[in-house]
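Undergrad: This is the structure, below, for whatever I ask next.
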Protein chains: 2
Amino acid sequence: MTIQDEFSFIKSITPKTYRQPHLVAGIGDDAALYRGDSNVEEIICLDTMIEDIHFSKKTMKPFHIGYKALASNISDIAAMGGKPIFYLVSIAIPKHWSAEELAEIYKGMENLAERFQMDLIGGDTVSTKDSLAITVTVIGRIEKGKHLLRKNAKAGDIVFVTETLGDSAAGLHLLLQYGVDYSFTKDELALVRKHQLPEPRIEIGQLLADYPRVALNDVSDGIASELNEIAEASNVSIVIERDFLPKSEGLEAFDEKEQLKWMLYGGEDYELVGTIPQEHWTSVEEKCKEKGFLITKIGYVENGPSKVLLKEAETYRLLEKLGFNHFRD
Amino acid sequence: MTIQDEFSFIKSITPKTYRQPHLVAGIGDDAALYRGDSNVEEIICLDTMIEDIHFSKKTMKPFHIGYKALASNISDIAAMGGKPIFYLVSIAIPKHWSAEELAEIYKGMENLAERFQMDLIGGDTVSTKDSLAITVTVIGRIEKGKHLLRKNAKAGDIVFVTETLGDSAAGLHLLLQYGVDYSFTKDELALVRKHQLPEPRIEIGQLLADYPRVALNDVSDGIASELNEIAEASNVSIVIERDFLPKSEGLEAFDEKEQLKWMLYGGEDYELVGTIPQEHWTSVEEKCKEKGFLITKIGYVENGPSKVLLKEAETYRLLEKLGFNHFRD
């Protein structure tokens with residue numbers, strides 16, 4: 001990218017208007033500025049996605065890549081119980097990506113940003129020789145003291161998860177088999193979409209932040225890994241029951257062993273998994289039902305040492321903190 | 001990097017204590033949290049540096065690479081008049097970088113962070129096939145309403161710059177010629193250090209934020225480019241005088257033409273360049289002198305259209321918005 005191309009590219013992605021009233025200065029100076037607020041806690045996270053490691057043109061269109069890079073960060077804000085407000089994007093661009101493809105990446109991000117009333121307020125655009133790399137930083141806010149941390153779980157709590165598990169991994173499986181341009185059936189397409197266009201659970205995170213002592217994680221690495229993080233941070237034992245794990249219709253088409261692998265270790269579902277004191281469970285269930293969100297009890301918390309067990313019939317199996325690629329069976 | 005290596009690497013870079021009292025949660029949850037403050041504006045910026053594009057092992061040790069990745073972002077906070085408080089680091093690591101080198105990168109950042117009492121509060125660690133890439137996000141704060149923007153310049157203002165210009169480019173020239181392990185003379189070493197370990201001008205930025213209507217930029221791309229940004233944002237003409245440009249002793253050793261090229265177009269000095277209403281100039285000069293900072297008047301602001309001119313004897317030359325690599329002579 002020449003310096004002239006870079007100027008016009010930055011111009012093309014600079015928002016013409018901003019949505020957040022507390023923004024003071026967005027793109028166009030050395031840094032962005034927004035008004036502080038003593039009633040909130042500021043939340044910040046960042047994630048990097050690299051071509052052919054975290055995504056591939058074989059399974060994702062440029063629009064999906066942008067969408068998902070922002071979605072994974074918004075999901076981290078959801079896991080704290082917060083609301084996303086701003087984002088910044090650093091992109092390293094190799095020669096084999098066209099201006100049209102880059103524009104699609106930013107459209108994918110803008111699609112989500114519009115929905116959550118977020119503003120793009122800064123970034124960096126650099127050249128690279130090799131693979132496209134996107135780093136997204138997201139800033140969110142939450143009412144003072146209401147944030148949800150992993151260390152909140154205690155014996156007697158209920159373990160829950162939102163919506164269904166394993167769909168993103170199943171979608172990836174289909175995409176690797178048939179390619180991004182294949183005509184999928186309706187059920188297959190739901191799985192594929194879950195991989196390409198995951199829905200960050202901001203509304204459910206905010207709903208949970210109204211209850212005391214909720215421990216929460218988003219499912220980026222698979223629930224085995226996420227629950228181990230909660231177990232470690234809280235020094236508790238977590239037991240989940242195989243028969244309780246929520247499954248989509250689309251997933252039922254696959255071999256049972258595959259299904260379980262994807263539900264436990266398939267990441268990138270971006271659902272929320274956590275624990276809540278038993279006395280609040282009925283209320284949470286009702287509120288989610290009212291709003292049309294599925295939330296399912298999948299287990300319970302016991303006293304430590306920290307570990308995660310899968311209960312099936314009357315046998316218990318230790319679930320290790322491993323990513324999808326490291327599943328051995 | 002295996003998943004086990006990644007866990008132990010993240011553990012090794014996680015701070016054991018934090019310096020900022022308003023931090024609520026640093027590394028270790030889905031996102032970091034810190035208390036908001038209605039008396040301030042939040043400042044945020046990010047920068048990406050890529051191996052063999054923005055830095056090279058031939059001219060920089062790993063410590064320098066980490067230091068400079070953070071310094072360039074702190075410099076952006078300085079250009080707003082603010083104080084840096086937190087940083088997040090995303091690093092994409094190829095196989096040819098050792099654990100020792102990575103530790104040195106983080107030591108280089110920690111060196112600066114300690115000096116400014118900043119905390120590392122988040123990040124991402126990923127593998128890449130090719131070149132090392134570091135993206136640093138910095139959060140700063142400034143008292144409400146005191147921020148310094150590029151659009152503040154008006155006809156009659158004085159144009160100033162801190163310390164000396166062109167040293168980083170001269171240092172890079174020496175490093176490319178002799179390599180990173182060469183025994184440089186004292187004067188040469190000052191230039192080399194300016195390239196490897198630039199000093200972000202936080203104290204001067206904060207001092208300038210006490211005056212009304214200062215326009216400010218940090219010199220990341222050379223003053224020709226930085227002043228064009230101020231001229232465009234403020235819609236003014238800027239005239240700088242060749243004989244006023246502040247020069248280090250080390251720079252004098254080079255050919256006059258090279259000196260001028262580096263002073264105008266050599267970026268990465270991370271000095272501050274800006275404009276200030278004439279009536280405040282003497283006061284700023286005195287305050288800088290008291291604190292041991294060099295600040296130099298290099299020109300003046302005239303009514304638009306926006307352009308930047310270099311005055312030499314009685315001739316004027318138009319300075320274009322070009323980076324170092326694009327200088328044609």
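Undergrad: Can you report the number of residues in segment A:34-58 which are in contact with a Leu (Cβ under 6 Å, 6 or more places away or on another chain) and among the hydrophobic types (A, V, I, L, M, F, W, C)?
TA: The total comes to 2.
Undergrad: Right, something else. Residues being under 17 Å from residue B:200 (Cβ atoms) and within 7 Å of chain A (Cβ to nearest Cβ): count how many of those fall in segment B:125-138. I'd like the intermediate steps shown before the answer.
TA: Taking segment B:125-138 and keeping what is under 17 Å from residue B:200 (Cβ atoms), we get B:134, B:136-138.
Now restrict to residues that are within 7 Å of chain A (Cβ to nearest Cβ): B:137.
Total satisfying the criteria: 1.
To keep it simple, each residue is scored yes or no on (1) assigned to a loop (DSSP other than H, G, I, E, B); (2) in contact (Cβ under 8 Å) with a residue 40 or more places away in the chain; (3) farther than 21 Å from residue B:320 by Cβ.
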site: B:269; (1), (2), (3): yes, yes, no
site: B:279; (1), (2), (3): no, no, yes
site: B:283; (1), (2), (3): no, yes, yes
site: B:290; (1), (2), (3): no, no, yes
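Undergrad: Moving on. Scan (1) in contact (Cβ under 8 Å) with a residue 40 or more places away in the chain; (2) outside any strand (DSSP E or B) for the single condition residue B:161 breaks and write down its number.
TA: Checking residue B:161 against (1) in contact (Cβ under 8 Å) with a residue 40 or more places away in the chain; (2) outside any strand (DSSP E or B), the one that fails is (2).
Undergrad: So is residue B:258 in the same structural domain as residue B:245 (by TED's automatic domain parsing) and either part of a loop (DSSP other than H, G, I, E, B) or in contact with a strand residue (DSSP E or B) (Cβ under 7 Å, 6 or more places away or on another chain) (or both) or not?
TA: No.
Undergrad: Here is a further query. Considering (1) surrounded by fewer than 21 Cβ atoms within 10 Å (Cβ to Cβ); (2) under 26 Å from residue A:290 (Cβ atoms), say which one residue A:258 fails and leave the rest.
TA: Of the numbered conditions (1) surrounded by fewer than 21 Cβ atoms within 10 Å (Cβ to Cβ); (2) under 26 Å from residue A:290 (Cβ atoms), the odd one out for residue A:258 is (2).
Undergrad: Select from segment B:295-319 the residues that are free of Cβ contacts under 8 Å to residues at least 24 places away in the same chain and under 21 Å from residue B:165 (Cα atoms) and write down the one among them that is surrounded by the most Cβ atoms within 10 Å (Cβ to Cβ).
TA: Among them, the one singled out is B:317.
Undergrad: In segment B:130-139, is there at least one residue being over 16 Å from the mean Cα position of the chain (by Cα) and of a type in the set (Val, Ile, Thr)? Write out each step before concluding.
TA: From segment B:130-139, those over 16 Å from the mean Cα position of the chain (by Cα) are B:130-133; that's our starting set.
Those left that are additionally of a type in the set (Val, Ile, Thr): none.
Taking every residue of segment B:130-139 in turn, none turns out to be over 16 Å from the mean Cα position of the chain (by Cα) and of a type in the set (Val, Ile, Thr).
Undergrad: Quickly run through segment B:166-195 and pick out the residues that are assigned to a helix (DSSP H, G or I) and among the hydrophobic types (A, V, I, L, M, F, W, C).
TA: B:169, B:170, B:172, B:174, B:175, B:176, B:189, B:190, B:191, B:192
Undergrad: Scan segment B:61-70 and give yes if some residue there is within 13 Å of another protein chain (Cβ to nearest Cβ) and either buried (at least 22 other Cβ atoms within 10 Å of the Cβ) or assigned to a loop (DSSP other than H, G, I, E, B) (or both), otherwise no. Before you say what the answer is, go through the steps one by one.
TA: From segment B:61-70, those within 13 Å of another protein chain (Cβ to nearest Cβ) are B:69; that's our starting set.
Cutting the leftovers down to either buried (at least 22 other Cβ atoms within 10 Å of the Cβ) or assigned to a loop (DSSP other than H, G, I, E, B) (or both) gives us B:69.
Checked segment B:61-70: at least one residue is within 13 Å of another protein chain (Cβ to nearest Cβ) and either buried (at least 22 other Cβ atoms within 10 Å of the Cβ) or assigned to a loop (DSSP other than H, G, I, E, B) (or both).
Undergrad: Consider only pairs whose beta carbons are under 6 Å apart and that are at least six residues apart or on different chains; among these, list those whose first residue lies in segment B:13-33 and is away from every other protein chain (no Cβ under 14 Å) and whose second residue is assigned to a loop (DSSP other than H, G, I, E, B).
TA: These pairs meet every condition: B:18/B:26; B:19/B:117.
Okay, residues lined up against (1) part of a helix (DSSP H, G or I); (2) charged (D, E, K, R); (3) surrounded by 15 or more Cβ atoms within 10 Å (Cβ to Cβ):
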site	(1), (2), (3)
A:8	yes, no, no
A:24	no, no, yes
A:34	no, no, yes
A:45	no, no, yes
A:50	no, no, yes
A:76	yes, yes, yes
A:104	yes, yes, yes
A:113	yes, no, yes
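Undergrad: Cβ contacts < 8 Å: first residue within 14 Å of chain A (Cβ to nearest Cβ), restricted to segment B:96-123; second residue modelled with pLDDT under 95 and assigned to a helix (DSSP H, G or I), any location; separation 6+ or different chain. Result?
TA: From residues that are within 14 Å of chain A (Cβ to nearest Cβ), the pairs are B:120/B:13; B:123/B:13.
Undergrad: Residues to consider are A:250, A:292; find the one that is at pLDDT 95 or above, exposed (fewer than 15 other Cβ atoms within 10 Å of the Cβ) and under 22 Å from the mean Cα position of the chain (by Cα). Talk me through it step by step, then tell me what you get.
TA: On the way: A:250 fails: exposed (fewer than 15 other Cβ atoms within 10 Å of the Cβ).
When all the criteria are applied, what remains is A:292.
Undergrad: Further question on the same structure: Tally up the residues in segment B:198-222 that are in contact with a Lys or Arg (Cβ under 8 Å, 6 or more places away or on another chain) and within 11 Å of chain A (Cβ to nearest Cβ), please.
TA: Adding up the residues that qualify gives 4.
Undergrad: Residue under question is residue A:76, and the condition is that it be under 25 Å from the mean Cα position of the chain (by Cα) and modelled with pLDDT of 95 or more; does it hold?
TA: Yes; evaluated as a whole, the condition is true for this residue.
The values are calculated or read from the model by the stated rules, or taken from the named source; none is laboratory data. All values derive from a computational prediction rather than experimental measurement. Cβ coordinates were reconstructed from backbone atoms using ideal geometry, including for glycine residues, and neighbour counts include every protein chain displayed.
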